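Here is the structure we will look at, set down as structure tokens.
The numbers here are math on the coordinates, done by the rules we state, and not lab data. Keep in mind it's a predicted model, so treat the numbers as computed, not measured. Don't worry about glycine lacking a Cβ; one is built from the backbone with ideal geometry, like all the others, and counts go over all protein chains shown.
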């Protein structure tokens, strides 16, 4: 991780859960971290707790589903922090919905945030990396649901959105190679993780009562592992889930 000390990392969905764990881990490793989130005040609170860290966390109000806000966020980083070296695409949502008689607006919210937003943020990060000749690293926080569909009620378009993330990571890898860019792309796919996402979605906690969970900090450790590999090593996929998880 020494080569990343003092470099700029952007983490989306930084206000809670996996995003908050990742920004904390990166700041402690000495990185300059821009935490993108709709709830900027929560990132600011976390930044106060990290004042003694080796690095520094900055809160930036960005809703990744809004392209204008993403571009403004990257412009702020460019003017105030410098070139982007690392992007952690963590922002993601799920809604308590179905396919049979579902709410189409909620389908759209999930797909726009989890797929479209990820694409826009990735495009802007690579633009910065190319302009500054940075050998960067992009990490998509995916899901085990991006590789198989769990039999859990009311998750509707969420697995499809995460299968899209799996495909987008591979497609991006091909594009990066064709353009001779020295940018790594890693997909990290956690299983059920103790975060606020289920509660925020309005999904019954009872649906998950028999599934053992990992912690957000476990996923952050996976991020550090991928970032800590030598420049010539490409970590394509990391899958994390709790021992005993049969979902």
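In nm, what is the difference between 0.36 nm times the number of residues separating residue 243 and residue 119 and their Cα-Cα distance?
41.4 nm
Tilt of helix 118-131 relative to the longest C-alpha principal axis of the chain, in degrees (0 to 90, nearest 10)?
10 degrees
Which of 1, 129 comes first, and how do the rest follow, when ranked by fewest Cβ neighbours within 10 Å?
1, 129
Which value at 222 nm does the chain reach when only helices count, each DSSP H run of 4 or more adding -39,500 (n - 2.57), with the total divided by all residues and rounded to the nearest 500 deg cm²/dmol? Write down the numbers at each step before the final one.
Values: 8 runs with 96 residues, N = 247.
Value at 222 nm, helices only, nearest 500: -12000 deg cm²/dmol.
Between segment 27-45 and segment 132-150, how many Å separate their Cα centres?
About 20 Å separates the Cα centre of segment 27-45 from the one of segment 132-150.
Highest first, please rank the peptides 190-199, 117-126, 169-178, 98-107 by the mean number of other Cβ atoms sitting within 10 Å of their residues.
117-126, 190-199, 169-178, 98-107
Report the per residue volume, in Å³, of the convex hull enclosing the C-alpha atoms of the chain. Write out the running numbers ahead of the final one.
Details: hull volume 29.4 nm³, N = 247.
With only Cα atoms used, the chain gives 119 Å³ per residue.
Can you give the direction-averaged projected area of the convex hull of the alpha-carbon atoms in segment 77-118, in nm²?
On the way: hull surface 15.9 nm².
The orientation-averaged projected area of the Cα hull of segment 77-118 comes to 4.0 nm².
Among 8-17, 205-214, 222-231, how do they line up from the highest to the lowest mean number of other beta-carbon atoms within 10 Å?
Sorting 8-17, 205-214, 222-231 by mean packing, highest first, produces 8-17, 222-231, 205-214.
Could the peptides 238-246, 108-116 be put in order, highest first, of the mean number of other beta-carbon atoms found within 10 Å of their residues?
For the peptides 238-246, 108-116, the packing ranking is 108-116, 238-246.
At a Förster distance of 41 Å, what's the computed FRET efficiency of residue 130 paired with residue 209, Cβ-Cβ distance as r, to 0.05?
E between residue 130 and residue 209, to the nearest 0.05, is 0.30.
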